[in-house]
Amino acid sequence: MPHSDAISAQRHHSRADQLIHQFDTVLRTLVPHAAQPSRPSPAGNIHDEAISDQERQHAAGLMRINHTGEVCAQALYQGQGFTARLPETRTQMELAAQEEIDHLAWCDARLVELDANTSLLNPLFYMTSFALGAAAGAINDKVSLGFVAATEELVGEHLSKHQQTLPEGDQRSRAVLRQMEIDEAHHEQWALEAGGHRFPGPLKSAMRLMSKVMTASVYRV
Ligand SMILES: [Fe+2]
Ligand SMILES: [Fe+2]
């Protein structure tokens, strides 16, 4: 085979590999219980105190929101990986994406314990976040990393609020959210250190508005 044909075949092959990997990640993100964490759940051997049925439903609503947030994070990193160049920070972004898979799996496991389902709207939010991540990545790496930083900041705010509004007795969900909050703060810091552009206030307000739509709907379905 001539040299140029070999290169083109190789390129074709790696593109096909990338698509298969992409499809695999979509499935692992959207099929309930399919995500495999690399770290054990922070809920570990922690015991819940008594929670009423109403409190359990409230906790499930909050954990469903956090689970969908992780679906969005996964889609954002995937979309970004598709278009952004990120030559120096790709490894770190991949590590962050792996930690998001941990979060996804921990929230999923907690929803099972709370006898609740993940959101039916996840495919819709996955597609939207993938498109936004890919669009930001296509503009340039500074915007793309800035989008990650702004998202992580927003997620951090939710996690902090949810730890306060979870039922008093729900110690297992609280332990999961506490570790997620620590990880998200790292992700935000990495994205900014890697050159992420700090998003202006109005853009952050628009993202807040979108997240309100997500949380209001996912709390129930
Ligand atoms: Fe996360
Ligand atoms: Fe994160």
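The values are calculated or read from the model by the stated rules, or taken from the named source; none is laboratory data. Nothing here was measured: the structure is a model prediction, and the numbers come from that model. Here the Cβ is made from the backbone with ideal geometry for all residues, glycine too, and neighbour counts use every protein chain on show. These accessible areas exclude ligands, DNA and RNA; they are computed on the full protein's heavy atoms, side chains included. Shrake-Rupley method; radii C 1.70, N 1.55, O 1.52, S 1.80 Å.
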Rounded to two decimals, the Rg over Rh value of the range 83-200 from Cα coordinates and the Kirkwood Rh reads 1.00
Please tell me the relative contact order of the chain in percent, rounded to the nearest whole number, where contacts are Cα pairs under 8 Å and at least six residues apart. 29
Between the range 32-52 and the range 95-161, what's the alpha-carbon centroid distance in Å? 19
At q = 0.13, 0.20, 0.23 1/Å the base-10 log of I(q)/I(0) from the Debye formula over the alpha-carbon atoms of the range 29-133 is -0.51, -1.01, -1.22
Return one whole number: the accessible area per residue of the chain in Å², for a 1.4 Å probe. 53
Whole-Å semi-axes of the range 44-100's equivalent ellipsoid (Cα gyration tensor): 35, 14, 5
Once you place label points 7 Å from the Cα toward the Cβ at residue 18 and residue 112, how far apart are they in nm? 3.4
Hey, what angle do you get for helix 141-165 against the long axis of the chain, alpha-carbon based, 0 to 90 degrees rounded to 10? 10
Accessible carbon and sulfur surface of the chain relative to its total accessible area, %, 1.4 Å: 60
In terms of the ratio Rg/(2.2 N^0.38 Å) built on C-alpha atoms, what value belongs to the chain? 1.08
For the range 92-144: rounded, prolate or oblate by the Cα gyration tensor [a/c cutoff 1.5]: oblate
Debye log10 I(q)/I(0) at q = 0.26 Å⁻¹ for the range 115-181, Cα point scatterers: -1.08
